[in-house]
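The values are calculated or read from the model by the stated rules, or taken from the named source; none is laboratory data. Source: prediction; values computed, not measured. Here the Cβ positions follow ideal geometry from the backbone for every residue, glycine too, while neighbour counts run over all protein chains shown.
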Amino acid sequence: MSVLIALLSRLTAVCMLTGIAWASPALAAGEPLVVYSARKYQLVEQLFQEYGRGRGIEVKSVTDDGAPLIQRLTAEGAMSPADVFISVDAGDLWRATEAGLLSPVKSPILERAIPAHLRDPAGHWFGLAVRARTIAYSTERVKPSELSTYAALGDARWKGRLCLRSGKAVYNQSLVAMMIGDNGVETTERIIRSWIANLAAEPFTNDTLLLKAIAAGQCDVGIVNTYYLGRLQHEQAGFPVQIFWADQKGRGTHVNISGGGVTAHAKNRAEAIHFLEWLASPEIQQRFAAVNFEFPANAGVEPLPEVKAWGKFEPNLVNVGTIGKTQSAAVMLIDRAGWR
Amino acid sequence: MAAAPSRLGPAVAAIAVALPMLAVLVAVVQGATGADAELWAHLREHVLSRVVANTLILVLGVVAIAATLGTSLAWLTAACEFPGRAFFSWALLLPMAVPAYVLAFVAVATLDYAGAVPTTLRSWFGDGFPVPPIRSTGGTIAVLALASYPYVYLMARGAFLTHGARVLEAAQSLGLGPWAGLFRVAVPLARPWLAGGAALVAMETLADFGAVSVFNYDTFTTAIYKAWFGLFSIETALLLALLLLVFVALALVAERIARGRARFSAADSGVRAAERLALPGARGWAAFGYAATVFALGFVLPAIALARWAWDVAAIDLDSHYVGYILRTLGLAGMAALACLGLALVLGYASRVADGVVTRTASRIATLGYAIPGAVLAVGVVSALGAIDLRFRTIAGGEGLWLQGTVFALLLGYVARFLAVAHGPVLGGFARIRLSLEEAARSLGLSTREVVSRLHLPLLGAGIGTAALLVFVDVMKEMPITLMTRPFGWDTLAVRVFEMTAEGEWERAALPSLAIVVAGLLPVALLTWRMERAARAA
């Protein structure tokens, strides 16, 4: 048995040493920039490295969900190495701001590039990509003229034809938070209950599964973030699901952001601000959004042709930061309504 | 006169082993005191009763099925002879290399309404063809049981191989057939090991988040996540986690009862190998079919599905980074395995020579972490280390962090979470060393150190190997602690799986998942080799 332990020790030593060597990056001159990112590796790493090469610095990053990253920042306090926090949900940015983890930034470049409803009025965070959550429908079984608002998905005609993602998904929570802001708790709860009564299947764990369920005929309509459809349409031409822009005659379609802010204890603050400004610049905006079929936050930048093909839409112009304030009320409403 | 072994030293050492988990617990309790009363009232009214019931159903279902599969398959491969037995005796361990969350997403992606299997069935038999929904209580239980039965299988097989020979002889001399022998002799004798395996399965199920969230099955763990991620209240989430610990305490009491009061010590070594009981004809092929079905569902079919998806995305995603991911995954798993093993030996020795309230309490605390969701443990780790870092800074000055974001923090989290996995087999190994043997050694004047190095360690053999390799495989699959406490540049295969699944890109997650399975085969092969050798030696 000692043979086995010796073997394990040796294997471990070899792996650790080569693993560390593999991890250590090329030497760079300036202070490194440290990013905590809830936007996942495959969507950001290339841009981060490109920025580092251009500036002659190292960009170090860790990824995780927003909430654990916020907890990590909290525990690290003033000693935190992080300079920038990037999230995929406005609620998380609001919460990080509430917890005092982000610092206000005054940047004319950012203020010009990013529309007011997509950034914090005090400059704690700025939207970098826009994700619209709207209605997806089967092109084989639904006519777009049958569709209008989020609320109308609770109508009797959609009985047994609606698919929803889990109420635990943050994108649904922020949609409900927006609806609470627009219509109040009681009306919103009535709408949510009418949706639940129309469900064709147990709620799904992600939008991709939901879209595939619509394509396969398990249900006819659903609510999704559009980029999930973008990916599927890209993989499979003629995917039989299309986008309908909800609430165009009302307050507009619900949007959330992936965005970032400079941390309260950033060691490399000037670089962090410069980094956000670079991410908001037109050429980078185009690529930042395009890699995930999202809409650029910078209003002057065009999305991918595939994304443009879904047509123009009016977004709900309420500041996305208010989502955070209402989110826990939204989660409680979702629990009460039995949205699993 | 034989010198009695010192009791004080081992007891103190046991307390020291419990310290990391104790620090984590203190941080969790401290956090929980800030729980929001309004949110708590909401959870009590709308959430708790449902998730408690769900969790109970899940744990009972998974343990029942995993224990049945694990025990019966171990008995078949250890004590019976049937076609393919030699192959299945090691192959049935392989599902251990497939993380539960991976098995879950493969199952949902292929078996849900829009998946390949129901789609094909509908195209053959028409749209109305009913397929039972995989995203259901039954589906969740089935997948978790398939992913976790190897724990029971491993422990049960070890016990059956040790006792097997004489059990069968005794059973046969009493005129009992193979199944009567199993239920009336082998299972009662193997109770401590079966209960240990079942307890691991129960704790693993309680702490699981990855698999249940794929099924959208609400448990205590998903409620903890929702309180944290959705209600923005980490404090309320920690309070829920403390409540979960009450469940764990109940489960541990149940395990103690299941173990029985008897003090087991086994088997002289060097008994001749028993004849296995031949299962002739149809019965042999039935055994083959049973083992083959479990092996196919738990390993072959998921591996094929992963390989197909991985093949499709390898061209975009497979690059030289993977060398680093694999090396770091193996390196971290190896370090954690060695650390957990060392600490488990300390605890095991302490329980043997200094059994008492202190040692028992220390062992219980040190091994609690296996039932706590990894994310909660990770919060405990970063909070505890944050406090220590702050202390360091006031003493030593400096800008940066001392402990957080280091490999040490990561290892601390792994030890807190996985010590239980090493503890069980080591304790089982100690239980098999006769006390009379130790008394004899001491009466011959051997010192404590000599007793440990010349008696315990050689005789523990099997237990040590099982312990180290179980931790190794578990750490390879670990996700939330790795995500939250890893240093820069320490991405592992599980981190990559997370980043793909979090974006709903299950096909792209297949590549790192398959890499975990393949890299996990290495320790499972070692484990198998050890089992075969032990079987030959018996």
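Values computed for the structure shown
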| quantity | calculated |
| --- | --- |
| Yes/no for residue A:302 being farther than 30 Å from residue B:37 by Cα, of a type in the set (D, E, K, R) and in contact with a Phe, Trp or Tyr (Cβ under 8 Å, 6 or more places away or on another chain) | no |
| Checklist (1) out of contact with any Ser or Thr (no Cβ under 8 Å at 6 or more places or on another chain); (2) more than 14 Å from chain B (Cβ to nearest Cβ); (3) farther than 19 Å from residue A:132 by Cβ; (4) not in a loop (DSSP other than H, G, I, E, B) applied to residue A:255, failing item | (3) |
| Residue in region B:405-425 that is outside any helix (DSSP H, G or I), within 13 Å of another protein chain (Cβ to nearest Cβ) and in contact with a helix residue (DSSP H, G or I) (Cβ under 6 Å, 6 or more places away or on another chain) present | no |
| Within region A:70-98, considering residues that are under 20 Å from the mean Cα position of the chain (by Cα) and at the interface with chain B (Cβ under 8 Å from one of its Cβ atoms), the one surrounded by the most Cβ atoms within 10 Å (Cβ to Cβ) | A:91 |
| Only one of B:469, B:457 that is more than 19 Å from residue B:405 (Cβ to Cβ), more than 20 Å from the chain's Cα centre (by Cα) and in a helix (DSSP H, G or I) | B:457 |
| Where residue A:174 falls short, out of the listed (1) touching a strand residue (DSSP E or B) at 6+ places or on another chain (Cβ under 7 Å); (2) surrounded by 22 or more Cβ atoms within 10 Å (Cβ to Cβ); (3) under 30 Å from residue B:117 (Cβ atoms) | (3) |
| Selection status of residue B:221, within 14 Å of another protein chain (Cβ to nearest Cβ) and part of a helix (DSSP H, G or I) | yes |
| Residue A:216 vs. criteria without any contact (Cβ under 8 Å) to a residue 12 or more places away in the chain and within 12 Å of chain B (Cβ to nearest Cβ) | yes |
| Matching option when the condition is within 13 Å of another protein chain (Cβ to nearest Cβ), under 29 Å from residue B:528 (Cβ atoms) and not acidic (Asp, Glu), among B:67, B:104 | B:104 |
| Residues of region A:143-163 satisfying the condition of being surrounded by 15 or more Cβ atoms within 10 Å (Cβ to Cβ) and more than 25 Å from residue A:316 (Cα to Cα) | A:161 |
| Qualifying residue in region B:159-173 (condition: crowded, with 24+ Cβ neighbours inside 10 Å, of a type in the set (Gly, Ala, Ser) and either in contact with a helix residue (DSSP H, G or I) (Cβ under 9 Å, 6 or more places away or on another chain) or not in a helix (DSSP H, G or I) (or both)) | yes |
| Matching option when the condition is more than 8 Å from chain A (Cβ to nearest Cβ), more than 18 Å from the chain's Cα centre (by Cα), surrounded by 23 or more Cβ atoms within 10 Å (Cβ to Cβ) and under 28 Å from residue B:412 (Cβ atoms), among B:494, B:509 | B:509 |
| Test: residue B:445 is assigned to a helix (DSSP H, G or I) and out of contact with any Pro (no Cβ under 8 Å at 6 or more places or on another chain) | no |
| Single unsatisfied condition, residue B:149 versus (1) more than 26 Å from residue B:278 (Cβ to Cβ); (2) at pLDDT 95 or above; (3) out of contact with any Phe, Trp or Tyr (no Cβ under 6 Å at 6 or more places or on another chain) | (1) |
| Among (1) β-branched (Val, Ile, Thr); (2) touching a Ser or Thr at 6+ places or on another chain (Cβ under 8 Å); (3) assigned to a helix (DSSP H, G or I) - the single one residue A:86 does not satisfy | (3) |
| Residue selected from region A:110-135 under the condition away from chain B (no Cβ under 14 Å), in contact with a strand residue (DSSP E or B) (Cβ under 9 Å, 6 or more places away or on another chain) and of a type in the set (Gly, Ala, Ser), by the criterion farthest from residue A:340 (Cα to Cα) | A:113 |
| Single match in A:331, A:318, A:307, A:301 (criterion: away from every other protein chain (no Cβ under 11 Å) and within 29 Å of residue A:196 (Cβ to Cβ)) | A:318 |
| Flag if residue B:364 is under 17 Å from the mean Cα position of the chain (by Cα), more than 9 Å from every other protein chain (Cβ to nearest Cβ) and surrounded by fewer than 19 Cβ atoms within 10 Å (Cβ to Cβ) | yes |
| Some residue of region B:445-466 being buried (at least 19 other Cβ atoms within 10 Å of the Cβ), at pLDDT below 95, within 11 Å of chain A (Cβ to nearest Cβ) and closer than 30 Å to residue A:68 by Cα | no |
| Lone qualifier among A:287, A:336 - being in a helix (DSSP H, G or I), in contact (Cβ under 8 Å) with a residue 40 or more places away in the chain and more than 14 Å from every other protein chain (Cβ to nearest Cβ) | A:287 |
| Residue under evaluation residue B:475, criteria (1) buried (at least 24 other Cβ atoms within 10 Å of the Cβ); (2) of a type outside the set (Lys, Arg); (3) at the interface with another protein chain (Cβ under 9 Å from one of its Cβ atoms); (4) in contact with a Phe, Trp or Tyr (Cβ under 6 Å, 6 or more places away or on another chain), criterion not met | (3) |
| Residue satisfying all of: in region A:49-69; touching a helix residue (DSSP H, G or I) at 6+ places or on another chain (Cβ under 9 Å) and more than 9 Å from chain B (Cβ to nearest Cβ); nearest to residue B:383 (Cα to Cα) among these | A:59 |
| Identity of the residue in region B:386-404, over 21 Å from residue A:61 (Cβ atoms) and aliphatic (A, V, I, L, M), that ends up farthest from the other protein chains (Cβ to nearest Cβ) | B:395 |
| So residue B:63, is it part of a helix (DSSP H, G or I) and surrounded by fewer than 20 Cβ atoms within 10 Å (Cβ to Cβ) | no |
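Condition check ((1) farther than 26 Å from residue A:149 by Cα; (2) polar (S, T, N, Q); (3) surrounded by 15 or more Cβ atoms within 10 Å (Cβ to Cβ)) across all residues:
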site	(1), (2), (3)
A:278	yes, no, yes
A:290	yes, no, yes
A:293	no, no, yes
A:298	yes, yes, yes
A:304	no, no, yes
A:307	no, no, yes
A:314	no, no, no
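For (1) within 8 Å of another protein chain (Cβ to nearest Cβ); (2) assigned to a helix (DSSP H, G or I); (3) under 21 Å from residue B:147 (Cα atoms), each residue gets a yes or a no:
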{"residue": "B:303", "(1), (2), (3)": "no, yes, yes"}
{"residue": "B:308", "(1), (2), (3)": "no, yes, yes"}
{"residue": "B:322", "(1), (2), (3)": "no, yes, no"}
{"residue": "B:327", "(1), (2), (3)": "yes, yes, no"}
{"residue": "B:331", "(1), (2), (3)": "yes, yes, no"}
{"residue": "B:337", "(1), (2), (3)": "yes, yes, yes"}
